Amino acid sequence: MLLVQVHIRVKREHLDGFLAETRRNAAASLQEPGVRRFDVLQDEADDTHVVLAEVYVDQAAADAHKQTTHYARWQDAVAGMLTEPRTRTRFTSVFPGEDGW
């Protein structure tokens, strides 16, 4: 399993719009066959810090996600809402195993 955490800093005046677009993208992403989780997390100490926690069956599934129309829509919609470029960190699942997702 491939896990990706995407850290995003949102302009306060765009927070509601960003979260609406991100919820739409996350819901559509969960319909993809290679996506196991797509969580949208908001920092309790700084609500403009949002983390996407994405779990894919493999790199091919992550690549396929970036080719979807809902991802392209999200990317275009939120481009002007960020204070800085997104950062991401990739992980390999140690536990649970593949059958635990």
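Cβ-Cβ distances below 9 Å connect the following pairs, each with a first residue in the range 59-75 that is loosely packed, with under 11 Cβ neighbours inside 10 Å, a second residue that is small (Gly, Ala, Ser), and a separation of six or more residues or different chains: Lys66/Ala72; Thr69/Ala28.
Exactly one residue among Val94, Val35, Val40 is aliphatic (A, V, I, L, M) and in contact (Cβ under 8 Å) with a residue 24 or more places away in the chain, and that residue is Val35.
The single condition among (1) open to solvent by 60 Å² or more (accessible area, probe 1.4 Å); (2) of a type outside the set (D, E, K, R); (3) touching a residue at least 12 places away in the same chain (Cβ under 8 Å); (4) out of contact with any strand residue (DSSP E or B) (no Cβ under 8 Å at 6 or more places or on another chain) that Pro85 does not satisfy is (3). Check whether at least one residue in the range 28-35 is surrounded by 15 or more Cβ atoms within 10 Å (Cβ to Cβ) and under 15 Å from Ile8 (Cα atoms), and report yes or no. Checked against the condition, which is being surrounded by 15 or more Cβ atoms within 10 Å (Cβ to Cβ) and under 15 Å from Ile8 (Cα atoms), the range 28-35 yields no hits at all.
Based on this model, can you work out whether Val6 counts as in contact with a strand residue (DSSP E or B) (Cβ under 6 Å, 6 or more places away or on another chain) and open to solvent by less than 40 Å² (accessible area, probe 1.4 Å)? Yes; evaluated as a whole, the condition is true for this residue. Return a yes/no flag: does the range 18-25 have any residue that is open to solvent by 90 Å² or more (accessible area, probe 1.4 Å) and within 18 Å of Arg86 (Cβ to Cβ). Yes, because at least one residue in the range 18-25 is open to solvent by 90 Å² or more (accessible area, probe 1.4 Å) and within 18 Å of Arg86 (Cβ to Cβ).
Remark: pairs (first residue in the range 1-24, over 26 Å from Phe95 (Cα atoms) and hydroxyl-bearing (Ser, Thr, Tyr); second residue open to solvent by 20 Å² or more (accessible area, probe 1.4 Å) and in a strand (DSSP E or B); Cβ separation under 7 Å; 6+ apart in sequence or on different chains) = Thr22/Val40.
The values are calculated or read from the model by the stated rules, or taken from the named source; none is laboratory data. Since this is a predicted model, take the numbers as computed values, not measurements. So basically every Cβ, Gly included, is an ideal-geometry build from the backbone, and we count neighbours across all protein chains shown. Note: accessible area is taken over every heavy atom of the protein model, side chains too, but ligands, DNA and RNA are not part of it. Shrake-Rupley method; radii C 1.70, N 1.55, O 1.52, S 1.80 Å.
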